[in-house]
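I have placed the structure first, in the form of structure tokens, so that the comments after it can refer back to it.
The values are calculated or read from the model by the stated rules, or taken from the named source; none is laboratory data. Bear in mind that the values here come from a model prediction, so they are computed numbers and not experimental data. A quick note on method: Cβ atoms are made from the backbone with ideal geometry, for glycine too, and the neighbour counts reach across all protein chains shown.
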Amino acid sequence: MSAEIQASRHEATLILTLSNPGAKNALHPDMFAAAVEALSTAERDDSIRAVILTGADNFFCAGGNLNHLLEHRAMSKVDQGDAVDSLRSWIDAIRDCPKPVIAAIEGAAAGAGFSLALACDLIVAGNYAKFAMSYVRVGLTPDGGASWFLTQSLPRQLATEILIEGKAIPAQRLYDLGLINKMVPDGTTLDVALKWADELAELSSNAVERTKSLIRDAKDHSLSQHFELEKFNFVESLNHRDAQEGIHAFLEKRKPHYK
């Protein structure tokens, strides 16, 4: 069987499963465009309220295929850079998708697989899952935004330890550092992620999408600039049908029903 992105639906949730049998779901060029297209479809489809990224066979992703990377050494540096940009396109698609993207991690997320997890909005991990930025151990440097995500989220010393040592890190430590939202028994991450996605689907899609954009853009602006963005989104939301339903439901002490 070849490497692929398997797409399926569970009610209002799109599930994207990394599948590369026999290679611990290592990334393959065939996956990149398919993942970007699937996320683009999710963005356009109003019936999709959340996306889950997971791996087949109780393993998230072993990262890049080292044999393929050796083959890349025979390519021009321009072509090598284009290959790196393919991963960036996938990371950008996760970040730019207006719907919440939840990573459901079983087994391990290594290298670019760790980068994909960090790009997601929320992370559910199995109790014994492991994470590794092991680029340095094969003489490489991070890609997929890994060094940006970690230095934005952690003190410099901790980010340096993770990126330069390249050792496997247990899920518990990342949970304690705030990088993982939920730790659950192994084998249950997808079920927990689906339940979470179902809960998110009951919220105002307009409010969720606008809030995700505010979170994504916050670190690119000064507080003054961000106040302006918040003002714009608040006013737009106030005049959206969801606000009318949400406010009335709260005052009437009932559950809101968003379209």
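For the reader, a short list of remarks on this structure follows.
- Note on region 92-102: residues that are buried (at least 22 other Cβ atoms within 10 Å of the Cβ) and either more than 20 Å from ALA33 (Cβ to Cβ) or touching a Gly at 6+ places or on another chain (Cβ under 7 Å) (or both) total 2.
- Elements of the type helices (runs of 4 or more DSSP H) sitting completely within region 89-203 and holding at least 1 residues that are among the aromatic types (Phe, Trp, Tyr), over 22 Å from ALA56 (Cα atoms) and in contact (Cβ under 8 Å) with a residue 40 or more places away in the chain: these cover 171-176.
- ASP82 passes every criterion in (1) touching a helix residue (DSSP H, G or I) at 6+ places or on another chain (Cβ under 9 Å); (2) without any contact (Cβ under 8 Å) to a residue 24 or more places away in the chain apart from (1).
- Matching residues in region 51-94 - criterion: being touching a Pro at 6+ places or on another chain (Cβ under 8 Å) and at positive phi: ASP57
- Here SER76 fits the description: over 17 Å from the mean Cα position of the chain (by Cα) and surrounded by fewer than 23 Cβ atoms within 10 Å (Cβ to Cβ).
- Considered as a group, the residues in region 152-204 that are among the hydroxyl-bearing types (Ser, Thr, Tyr) and either modelled with pLDDT of 95 or more or not assigned by TED's automatic domain parsing to the domain that holds PRO100 (or both) include one that is surrounded by the most Cβ atoms within 10 Å (Cβ to Cβ), and that residue is THR189.
- For ASN67, the test of being among the polar types (S, T, N, Q), outside any strand (DSSP E or B) and loosely packed, with under 13 Cβ neighbours inside 10 Å is passed.
- Residue match in region 248-258 (condition: under 24 Å from CYS97 (Cβ atoms), loosely packed, with under 13 Cβ neighbours inside 10 Å and either of a type in the set (Val, Ile, Thr) or not assigned by TED's automatic domain parsing to the domain that holds ILE52 (or both)): no
- Counted residues, region 3-52 - those being exposed (fewer than 14 other Cβ atoms within 10 Å of the Cβ), among the small types (Gly, Ala, Ser) and closer than 16 Å to ALA93 by Cα: 2
- Complete set of residues in region 183-195 that are within 13 Å of GLU11 (Cβ to Cβ) and of a type outside the set (A, V, I, L, M): LYS195
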